[in-house]
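Comments concern the structure below.
The values are calculated or read from the model by the stated rules, or taken from the named source; none is laboratory data. Since the model is a prediction, treat every value here as computed from it, not as a measurement. So basically every Cβ, Gly included, is an ideal-geometry build from the backbone, and we count neighbours across all protein chains shown. The protein model used for the area step is the full one, side chains on, heavy atoms only, and it has no ligands, DNA or RNA in it. Shrake-Rupley method; radii C 1.70, N 1.55, O 1.52, S 1.80 Å.
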Amino acid sequence: MRERITFLHRPDDALDPKQLQLQNDTLHVTFLKAAREDKLTVGLYELPQELWRALKQCYELHIRWISPNPYLSVAPFVSTASPGLHVFFTPQRDKSADLLCPLLSKTFGARVDCRTPEDTFIHLPVASKRFASSAAFQHYQPLPSLTDLATYLHQRICPEEDESCRRRAASLKSADYLDIDYDTLSQSLVLSAFWHSPPLTEAWNERIDKSKASDKVEIGVLASEKPAQPEELSLAGFLAVVGEDSKPNPTLFSFPSRHHVAASTSGTEYSTAFLEPIGLHPTLRLTLSSSTDPPTDGCALHTYLTLPSSLFLDKYQLSSSNFLASKNLHSIRSLAGETDLEAPIWTVSKWGSTLLLELAPPPSTSGLRSAGTVKEPGGSWHADVPLHLRYLPPNREGHAFVSVAWPIVFWACPSDEGTKMSTNPFDRVNLGYDGLFGPRTMFYHLQPASGGESLLEEILVPVLDMEGSKMKWVQSGTVTTVVLGFLWVCLKLLAVNRGSLGRKGGRWKGD
């Protein structure tokens, strides 16, 4: 088992070497204001039997959980996805993966609606065959916290005498995101958790020990530096291997990065809302700053939506260029999952659908005007995504709540030939949208501006009221309409039949 703990502090927060005290097999960190990532690598057969048996059925498995609570991204930990639980999965060839869904329900809680991968997962399209790290299938579930996972680790994984393990399991409840990765080639499980700041205090005060189970514990205390190239990130600070080094060693290194924060001068925030009234045809509105300009030449602005099965997009509605232009949309780049336009919710087995849309920012007032919206300096512009609600089961209230995750918004930009993104030690792949672009695409992420509110929207949608007064009118009206329609058809058939007999009689008399 190997551990890597990375602290990333702001460049203006000067680091005093006395804040890092390395003694034998222990590192003491005192009053360190920083973001933090913990990465743990465990061999397959170091895991409990119920885990490795399920993993052996997978060629690759990538789990991404993102908190619905907004947080400030810190380079190099800026890649993201819609809040909730994402599972990306490729099965072993000619083998069943019947243990995967029960394991997900056991570890992440009973609310995970996963029966079998065949019934529940959607096929994940990949635009670039060269992007070999993309999985074949995807599952998604709105999941507000990792409380059930922390409980599972506390009860089933951590030994009773290992307080450090139990404390770290409990700390997942406050994590901003969690990644779990497994693939057959490495035969190892990798867990990565990120906190943008200490959960309950102003700064980190930690004692990090090299446990008996750990083969290696690496510690990095780093800060961002100005990179030499725009596609690079540069970090400087101290590195140490607990139990091997007598003191932290200074370091400076750079690497190309696939994910970046959009520059502060280009409008870095967006907001999401559903237009009122919502009804059976909700409209998702993205609001962006008028200063949202591309970071470099050749960039395109995109949004990636993760829609539950109760909502869907009509791709035929968005086939008209004039309609797209009126919504400040450019085109559908990818649509996968449940897209049947007529199916009610009780006939839909898979979790939902994913949608990649290229947006069409209106021209600035300083540029050429078009027939569409014009961006005003210091103002904002909107992109509207028309959605549709499936028929939901009726209830006594006449309405129901649907959880919809905020989409992500980013610029997708080309990078120079020969750029090797794989050299990034903090790189994240299998986020859903990254496999829809080439391997050297760079993503500049805009930050959600939710005002501190949850990034999981709860929208109120109409359903049939089974016991309301209107229901009686619906029932009687439906029966009346069917009976009258049946009688009308019978009368028409009778009239046609009489006319046919009359014509035959007339021809016989004439003969």
Correct choice for mean projected area of the Cα convex hull in nm² that was computed from the model, options [x] 26.4; [y] 32.5; [z] 35.4: [z]
Which percent of the accessible area of the range 15-111 is formed by carbon and sulfur heavy atoms (probe 1.4 angstrom)? 51
Given the DSSP H assignment, sum -39500 (n - 2.57) over each helix run of at least 4 residues in the chain and divide by its residue total; what's the result at 222 nm in deg cm²/dmol, nearest 500? -5000 deg cm²/dmol
Take each of the peptides 300-309, 387-396, 340-349, average the number of other beta-carbon atoms within 10 Å over its residues, and list them starting from the highest. 300-309, 387-396, 340-349
By the rule of another cysteine's Cβ lying under 4.7 Å, the cysteines of the chain that fail to get a partner are Cys58, Cys490
Solvent-accessible heavy-atom area per residue, rounded to whole Å², over the chain at 1.4 Å: 51
What is the local net charge at Trp406, summed over the other residues whose Cβ is closer than 14 Å to its Cβ (Lys, Arg +1; Asp, Glu -1)? -3
